[in-house]
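Remarks on the structure that follows.
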Amino acid sequence: MRKKVLIADDTTLMREMLRSALDPEEFQIVGEAVTGEQAVELYKEKKPDLMILDINMPKMNGIDALTAVMKIDSKAKVLMCSDQKYENMIVMAIKKGAKDFIVKPFTKSDVLQAVKKAFEE
């Protein structure tokens, strides 16, 4: 059975890159969010097995969205996605429950490695 994945990033290109990194035979993209608020609502609605969440998004940043998702589901598997300049926020996200992070720019193998790690726990 394919794992359900929710992608949240405010840039279309990043969502497309994340989507294309995930094998459609193994993963089903159940939703894509552009804002942090949208990500939280879609998480409630779709109940994905994994969420890939950008840190820097409009209306609600990724840290606040992560906090809201962890309140909904303390066992949520969330990967943060950001560039290196947000390193302090990445550390904060891990402390708040994120399983790992994907540093932009990323390769397909970076994404798959982080996804695999999230499901090993």
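Here are a few things to note about the model shown:
- Considering only residues in the stretch 1-25 that are basic (Lys, Arg) and over 21 Å from Pro105 (Cα atoms), the one that is surrounded by the fewest Cβ atoms within 10 Å (Cβ to Cβ) turns out to be Arg2.
- Matching residues, the stretch 79-101, being farther than 24 Å from Leu13 by Cβ and touching a residue at least 60 places away in the same chain (Cβ under 8 Å): none
- Residue count for the stretch 36-62, restricted to those that are more than 20 Å from Asp100 (Cα to Cα) and out of contact with any helix residue (DSSP H, G or I) (no Cβ under 8 Å at 6 or more places or on another chain): 5
- Positions within the stretch 11-26 being touching a helix residue (DSSP H, G or I) at 6+ places or on another chain (Cβ under 8 Å) and either assigned to a strand (DSSP E or B) or of a type in the set (Ser, Thr, Tyr) (or both), in sequence order: Ser20
- Restricting attention to the stretch 29-43 and to residues that are out of contact with any strand residue (DSSP E or B) (no Cβ under 6 Å at 6 or more places or on another chain) and β-branched (Val, Ile, Thr), the residue that is surrounded by the most Cβ atoms within 10 Å (Cβ to Cβ) turns out to be Val40.
Conditions (1) over 15 Å from Val115 (Cα atoms); (2) surrounded by 18 or more Cβ atoms within 10 Å (Cβ to Cβ); (3) polar (S, T, N, Q), marked per residue:
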residue	(1), (2), (3)
Phe27	no, yes, no
Pro48	no, yes, no
Asp54	no, yes, no
Pro58	yes, no, no
Ala65	yes, yes, no
Ile72	yes, no, no
Gln84	yes, no, yes
Asn88	yes, no, yes
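- Filter result (part of a helix (DSSP H, G or I) and out of contact with any strand residue (DSSP E or B) (no Cβ under 6 Å at 6 or more places or on another chain)) within the stretch 70-107: Met70, Lys71, Ile72, Lys85, Tyr86, Glu87, Asn88, Met89, Val91, Met92, Ile94, Lys95
- Criterion violated by Lys104 - all others in (1) of a type in the set (Lys, Arg); (2) within 15 Å of Ala8 (Cβ to Cβ); (3) at pLDDT 95 or above satisfied: (3)
- Scan the stretch 102-117 for residues that are in contact with an Asp or Glu (Cβ under 6 Å, 6 or more places away or on another chain) and either touching a residue at least 24 places away in the same chain (Cβ under 8 Å) or of a type in the set (Ser, Thr, Tyr) (or both) and the total you get is 3.
- Note on the stretch 20-40: among residues that are under 18 Å from Met57 (Cα atoms) and charged (D, E, K, R), the one that is farthest from the chain's Cα centre (by Cα) is Glu37.
- Tabulated pairs, the stretch 40-57, first closer than 19 Å to Ala93 by Cα, second among the basic types (Lys, Arg) and part of a loop (DSSP other than H, G, I, E, B), C-beta under 8 angstrom, 6+ apart or interchain: Asp49/Lys77; Leu50/Lys77; Met51/Lys77
The values are calculated or read from the model by the stated rules, or taken from the named source; none is laboratory data. Since the structure is predicted, the reported quantities are computational estimates derived from the model, not experimental observations. Note that we place each Cβ from the backbone using ideal geometry, even for glycine, and neighbour counts take in every protein chain shown.
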